[in-house]
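Scroll down for the structure; my scribbles are underneath it.
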Amino acid sequence: MKRVFGVFGDPIAHSLSPAMHNAAFSALGMECIYHAFRVKPEKLEKAILGAEAMGFGGLNLTVPLKEVALKLDCIKPDSLAEKIGAVNTVVFGETGEIKGYNTDGLGAKQALQNSAVEIKGSKIVVAGAGGAARSIAFQLAADGAEITIVNRTEGRAIELAKDISAAALSGSVTGRGFSGLKDLLQDANILINTTTLGMHPNVDTAIATAEDLHPDLTVFDIVYNPLETRLLREAKTSGAKTVSGVLMLVYQGAEAFRLWTGIEPPVELMKKTVLEALQ
Ligand code: ATR
């Protein structure tokens, strides 16, 4: 079994992935290590080939490398990663093949499902139209949700919705700007924030306030720094159900762990480790 794993990104110093995966390896008695490496986009291919040559088992890729990775000749992406246009997990096979996957959307899906939130047939508002919105909207549309992407720059939302719709998934996807968001939310089941609003250091900003929300809504903020964002506080005030972004981090990591090792990771321990690191 291969024993070295890692995450590549830039910046990478504050990544929670090493603590999360090392805790999992240790709890399972696996003599494996996971380390963070600062890698610039123009050096990504060399770094991946170097890791393969040194016998790494697998990698996570984070900002700004996920989209770059998809275009590299050395990686063979699976069809979901190809559609999403980004790779966040690399698996080094026994015979030298390098495979690329994207577990971000699955992480978001499992965060909702494990919080007892129904996806199929739900009306979901996804705020933001960047890479995170893309992987989440792809996955949830594939699971039969009716998705509206809302974004500050309306054109990006419309473009992304068009792109996802072209994949003919079972759900539907439309895109629009922020105006009329309150009315849209009144009729929605789930709001997912993928924008940087509320993220450190912009901790006082939020995509919506309590008067825009309602008790039948689930509010999922993928921002986990700070742990309780302004949006989640507003959601609690309105009586809405809340889902923490930490869960997406943990479940996307757990899925990567399964792809690398074929072993079921200790998900609760991974969550506890991340929460402790964020306290
Ligand atoms: P990621 O790949 O992590 O999703 P990204 O591609 O940088 O990140 O996307 C960031 C998202 O946050 C975008 O949807 C961006 O909106 P624009 O497309 O209009 O730039 C959104 N965003 C960032 N700052 C924002 C702000 N102050 N108000 C509203 N939306 C914001």
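The values are calculated or read from the model by the stated rules, or taken from the named source; none is laboratory data. The structure displayed is predicted, hence computed values, not measured ones. Don't worry about glycine lacking a Cβ; one is built from the backbone with ideal geometry, like all the others, and counts go over all protein chains shown.
So which residues in segment 260-278 are surrounded by fewer than 17 Cβ atoms within 10 Å (Cβ to Cβ) and either without any contact (Cβ under 8 Å) to a residue 40 or more places away in the chain or over 24 Å from THR196 (Cβ atoms) (or both), if there are any at all?
Of segment 260-278, the ones surrounded by fewer than 17 Cβ atoms within 10 Å (Cβ to Cβ) are 262-264, 268-269, 272, 275-278.
GLY262, ILE263, GLU264, GLU268, LEU269, LYS272, GLU276 - these are the residues of segment 260-278 that are surrounded by fewer than 17 Cβ atoms within 10 Å (Cβ to Cβ) and either without any contact (Cβ under 8 Å) to a residue 40 or more places away in the chain or over 24 Å from THR196 (Cβ atoms) (or both).
Scan segment 207-225 and give yes if some residue there is within 12 Å of the ligand (Cβ to nearest atom), hydrophobic (A, V, I, L, M, F, W, C) and over 19 Å from VAL250 (Cα atoms), otherwise no. Give the steps one after another, and end with the answer.
So the first thing to find is which residues in segment 207-225 are within 12 Å of the ligand (Cβ to nearest atom), and the list is 207-208, 222-223.
Right, trim to hydrophobic (A, V, I, L, M, F, W, C) and you get 207-208, 222-223.
Okay, now just the ones that are also over 19 Å from VAL250 (Cα atoms), so 207-208.
Yes: segment 207-225 contains one or more residues that are within 12 Å of the ligand (Cβ to nearest atom), hydrophobic (A, V, I, L, M, F, W, C) and over 19 Å from VAL250 (Cα atoms).
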Complete set of residues in segment 91-110 that are more than 16 Å from the ligand (Cβ to nearest atom) and under 20 Å from LEU231 (Cα atoms)
LYS109
Segment 48-62, residues that are out of contact with any strand residue (DSSP E or B) (no Cβ under 6 Å at 6 or more places or on another chain) and surrounded by fewer than 22 Cβ atoms within 10 Å (Cβ to Cβ)
LEU49, GLY50, ALA53, MET54, GLY55
Only one residue in ARG152, ARG156 is touching a Phe, Trp or Tyr at 6+ places or on another chain (Cβ under 7 Å), near the ligand (Cβ under 10 Å from one of its atoms) and at pLDDT 95 or above, so which one is that?
ARG152
So how many residues does segment 10-43 have that are in a helix (DSSP H, G or I) and in contact with a helix residue (DSSP H, G or I) (Cβ under 7 Å, 6 or more places away or on another chain)?
8
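A quick yes/no check of all residues on (1) free of Cβ contacts under 8 Å to residues at least 60 places away in the same chain; (2) closer than 25 Å to VAL246 by Cβ; (3) away from the ligand (no atom under 16 Å from the Cβ):
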residue: GLY6; (1), (2), (3): yes, yes, yes
residue: ASP10; (1), (2), (3): yes, yes, no
residue: ALA19; (1), (2), (3): no, yes, yes
residue: ASN22; (1), (2), (3): yes, yes, yes
residue: ALA27; (1), (2), (3): no, yes, yes
residue: LYS40; (1), (2), (3): yes, no, yes
residue: LEU44; (1), (2), (3): yes, no, yes
residue: LYS66; (1), (2), (3): no, yes, no
Got a number for residues in segment 172-207 being without any contact (Cβ under 8 Å) to a residue 40 or more places away in the chain, closer than 18 Å to LYS241 by Cβ and in contact with a helix residue (DSSP H, G or I) (Cβ under 8 Å, 6 or more places away or on another chain)?
2
Going by the structure shown, is MET1 assigned to a loop (DSSP other than H, G, I, E, B) and not acidic (Asp, Glu)?
yes
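Could you list all residues from segment 126-150 that are crowded, with 22+ Cβ neighbours inside 10 Å, in a loop (DSSP other than H, G, I, E, B) and either free of Cβ contacts under 8 Å to residues at least 40 places away in the same chain or among the aliphatic types (A, V, I, L, M) (or both)?
Result: ALA129, ALA145.
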Could you list, in sequence order, all residues of segment 163-206 that are surrounded by fewer than 17 Cβ atoms within 10 Å (Cβ to Cβ), more than 15 Å from the ligand (Cβ to nearest atom) and either aromatic (Phe, Trp, Tyr) or on the phi < 0 side of the Ramachandran plot (or both)?
SER165, ALA166, ALA167, SER170, SER172, THR174, LYS182, ASP183, GLN186, ASP187
Expected output for segment 152-171 (first residue within 18 Å of GLY105 (Cα to Cα), partner in a loop (DSSP other than H, G, I, E, B) and away from the ligand (no atom under 14 Å from the Cβ), Cβ below 7 Å, 6+ apart or cross-chain) is SER170/GLY144; GLY171/ASP143; GLY171/GLY144; GLY171/ALA145
